[in-house]
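Participant: What follows is a structure written as structure tokens; I'll ask about it next.
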Amino acid sequence: VVNVAWEEEQPHEPENPPDPPDPVDPGNIANDEMWISSTRDNEGIKIEMESITPIKPLIEKSGSQITYVIKNKKPMDNTGISQSIGAGKLNLTVDNRIAGQTTIKITMPAGTQYHTRSENGGKREVLVIPNQIVKIMHQAADSSGESIILQTLAPSEFSSKRIGDTLEIKLKSTGLGLEQKRYVYSDSPVIKVMSLSQSGQADPWTTVKIDTEGMTDYRIFGTKDDNSINIVLLADAESIEQEDRTDIVVLDAGHGGKESGATGFGVQEKDINLAITLMAGKILEDNGVNVSYTRSDDSYLTLTERAEYANNLNAALFVSIHNNSFTSPEAHGTETYYYAPISDLELIWQKEERARLAESIQNQLVKILGRKDRGVKQSNFTVLVKTKMPSALAEVSFISNPTENELLCNKNYQERAAEAIANGILEYLGK
């Protein structure tokens with residue numbers, strides 16, 4: 001993808017999440033065939049092996065490796081599976097070099113908790129790595145406060161309460177994983193000690209207790225795009241407090257003037273961006289939203305000027321509208337970005353809002369345009385870094401893809417893209 005939100009930035013390859021596998025029709029499966037799939041849901045990571053007759057595997061467990069030896073079954077696809085587990089990986093390989101036998105080997109990071117089960121009368125074998133904490137990150141921000149992020153395999157329900165200077169967070173159906181049970185932060189401005197404990201095995205709960213000193217305010221929230229629980233603690237609440245925002249929504253048509261943005265098949269991104277932006281603004285205005293534009297014609301602004309424009313208005317929201325490009329014409333789909341790194345206390349304080357704005361826009365774009373869902377992601381685009389209010393950057397489609405290029409040149413498609421972005425903003429605003 002051309003990193004269209006940066007000036008003079010070199011192209012870089014986009015993250016391209018694999019398409020979900022097509023559902024298997026059991027009516028087209030022979031007795032000696034089976035299919036293998038991987039899913040990630042609230043239970044955790046699941047590896048499933050399924051057939052129309054009982055599989056009857058020989059299961060061998062050795063530390064962090066489990067092997068299924070299956071007679072008289074051949075997989076429909078020999079492609080392996082790889083899933084991230086924190087800093088490590090789950091890897092599945094298939095070996096059917098021995099006639100009449102398939103060996104499936106699954107390796108996981110040392111110490112990974114898992115369990116196996118048979119379902120559907122033995123026609124489905126399941127390996128489950130239950131939801132658990134896979135990474136803990138801590139960042140202190142001068143003397144004003146600090147933040148902790150707990151990343152889990154899957155989204156976790158949680159509750160929290162404050163008892164004096166201690167915060168207690170309980171994670172439902174979530175194990176401790178391989179993380180330490182005690183962390184001491186002797187030089188931190190707020191946190192002194194954090195302890196973690198797990199209760200139960202079949203349905204584990206993890207309790208996180210944070211002992212603090214001098215905490216004036218805190219915020220705890222979850223974000224879906226990275227399965228994280230974000231804990232922000234302040235020693236100086238005034239350091240990130242902002243004056244009440246206006247009701248203005250700033251729409252930013254990417255590029256303009258001397259900067260054409262991505263190009264493809266004679267089309268300049270700046271023109272498509274502007275058309276969609278003005279249409280989206282009209283829909284918002286018709287719904288009673290106060291809209292302002294960084295540009296309403298083919299003018300040029302630097303990225304910093306765009307952010308400063310929104311900051312000077314003390315806007316409620318900032319949404320930048322772009323279209324994508326990549327060296328391969330096969331790249332396609334829709335993605336939306338936000339930015340709230342743990343290293344920036346002011347932005348991490350807004351993470352829930354920024355993520356929710358990006359998710360609302362992305363969901364509407366995928367729903368209305370029907371293109372591939374490339375997901376919600378974080379990236380340090382200048383307009384997202386420098387805006388002081390919740391902000392998002394939408395990449396509607398790929399100008400470099402012949403099909404999507406043709407769609408982007410169609411006014412009806414532009415109107416639908418504008419409707420999706422406007423709907424996402426209205427949904428976020430609760431209108």
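Just so you know, all these numbers are worked out from the coordinates, no wet-lab data involved. Every value quoted in this text rests on a predicted model; they were computed, and no experiment measured them. Using ideal geometry, Cβ is built from the backbone for each residue, glycine included, and neighbour counts are taken over all protein chains shown.
Participant: Counting other C-beta atoms within 10 Å, and keeping those with at most 14, which DSSP coil GluC sites (Glu not before Pro) do you find in the range 321-400? Don't skip to the answer; put the middle values down first.
Facilitator: On the way: sites: 330, 335, 346, 352, 353, 359, 395; in loops: 330.
Qualifying residues, ordered by number: 330.
Participant: Å³ per residue of the Cα convex hull, for the range 130-230?
Facilitator: Looking at the range 130-230, the number lands at 90 Å³ per residue.
Participant: Another question about this same structure. What percent of all Cα-Cα pairs in the range 223-342 falls in each 10 Å bin, counting up from 0?
Facilitator: Per 10 Å bin, starting at zero, the Cα-Cα P(r) for the range 223-342 comes out as 11, 33, 33, 18, 4, 0 percent.
Participant: Still on this structure: Report the one residue of 363, 394, 315 whose Cα lies farthest in the direction of the positive end of the charge dipole of the chain (charges on C-beta: Lys and Arg +1, Asp and Glu -1; origin at the Cα centre).
Facilitator: Towards the positive end, the residue furthest out is 363.
Participant: Order by neighbour count: 161, 46, fewest other Cβ atoms within 10 Å first, most last.
Facilitator: Numbers: 161 9, 46 16.
So the residues, fewest neighbours to most, are 161, 46.
Participant: Moving on. What residue among 60, 179, 213 has the largest mean-square fluctuation in a Gaussian network model of the chain, using Cα springs under 10 Å?
Facilitator: 60
Participant: Further, regarding this structure: What does the range 321-382 give for Rg and for Dmax, in Å, if only its C-alpha atoms count?
Facilitator: 13.1, 39
Participant: Additional query: Name the long-range amide H neighbours of residue 101: under 5 Å, sequence gap of 5 or more, or other chain; modelled H, no Pro or chain starts.
Facilitator: 72
Participant: Hey, if you put +1 on the Cβ of every Lys and Arg and -1 on every Asp and Glu Cβ in the chain, which of 108, 218, 254 ends up farthest toward the positive end of that dipole?
Facilitator: 108
Participant: Then there is this: Positive end of the dipole of the chain, charges at C-beta (+1 Lys, Arg; -1 Asp, Glu), about the Cα centre: which of 139, 349, 52 has its Cα farthest in that direction?
Facilitator: 52
Participant: List the chymotrypsin sites (Phe, Trp or Tyr not before Pro) in the range 255-347 that DSSP assigns to loop (not H, G, I, E or B) and whose Cβ has at most 12 other Cβ atoms within 10 Å. Which are they? It would help to have the intermediate numbers written out before the result.
Facilitator: Numbers: sites: 265, 293, 300, 309, 318, 326, 337, 338, 339; in loops: 265, 300, 326, 339.
Here the chymotrypsin sites (Phe, Trp or Tyr not before Pro) that fit, given the DSSP loop and packing criteria, are 300.
Participant: Something else: With viscosity set to 1.002 mPa s at 20 °C, what whole-number translational diffusion coefficient in µm²/s follows for the range 33-143 from Stokes-Einstein and a Kirkwood radius over Cα pairs?
Facilitator: Values: Rh = 15.0 Å.
The estimated diffusion coefficient comes to 142 µm²/s.
Participant: Sticking with this one: With a ≥ b ≥ c the root eigenvalues of the C-alpha gyration tensor of the range 248-429, is it rounded (a/c under 1.5), prolate (a/b larger than b/c) or oblate? Please list the in-between numbers first.
Facilitator: Working: a/c = 1.40, a/b = 1.34, b/c = 1.04.
Because its axes are fairly even, with a/c under 1.5, the range 248-429 counts as rounded.
Participant: How many angstrom lie between the Cα centre of the range 324-339 and the Cα centre of the range 139-216?
Facilitator: 36
Participant: To the nearest 20 Debye, how big is the dipole of the range 31-130 about its Cα centre, given +1 on the beta carbon of each Lys and Arg and -1 on that of each Asp and Glu?
Facilitator: Values: 13 positive and 11 negative charges, 44 e Å.
Dipole about the Cα centre, nearest 20: 200 debye.
Participant: Moving on. Once you keep just the Cα pairs under 8 angstrom separated by 6 or more residues, what percentage relative contact order results for the range 133-239?
Facilitator: Result for the range 133-239 is 31 percent.
Participant: Magnitude of the Cβ-charge dipole of the chain, K/R +1 and D/E -1, about the Cα centre, nearest 20 debye?
Facilitator: 1780
Participant: Also: Quick one: what are the phi-derived ³J(HN,Hα) couplings along the range 392-408, Karplus 6.51/-1.76/1.60 with θ = phi - 60°, whole Hz, x for glycine and proline?
Facilitator: Residue by residue, the range 392-408 yields 8, 10, 9, 9, 5, 7, 9, 5, 7, 8, x, 5, 6, 4, 4, 5, 5 Hz.
Participant: With the cut-off at 30 Å, tell me which of the pairs 170/192; 270/372; 56/181; 61/123; 74/367 have Cα atoms farther apart than that. Intermediate values should be presented prior to the final figure.
Facilitator: On the way: 170/192 19 Å; 270/372 22 Å; 56/181 39 Å; 61/123 20 Å; 74/367 37 Å.
Long pairs (Cα-Cα over 30 Å): 56/181; 74/367.
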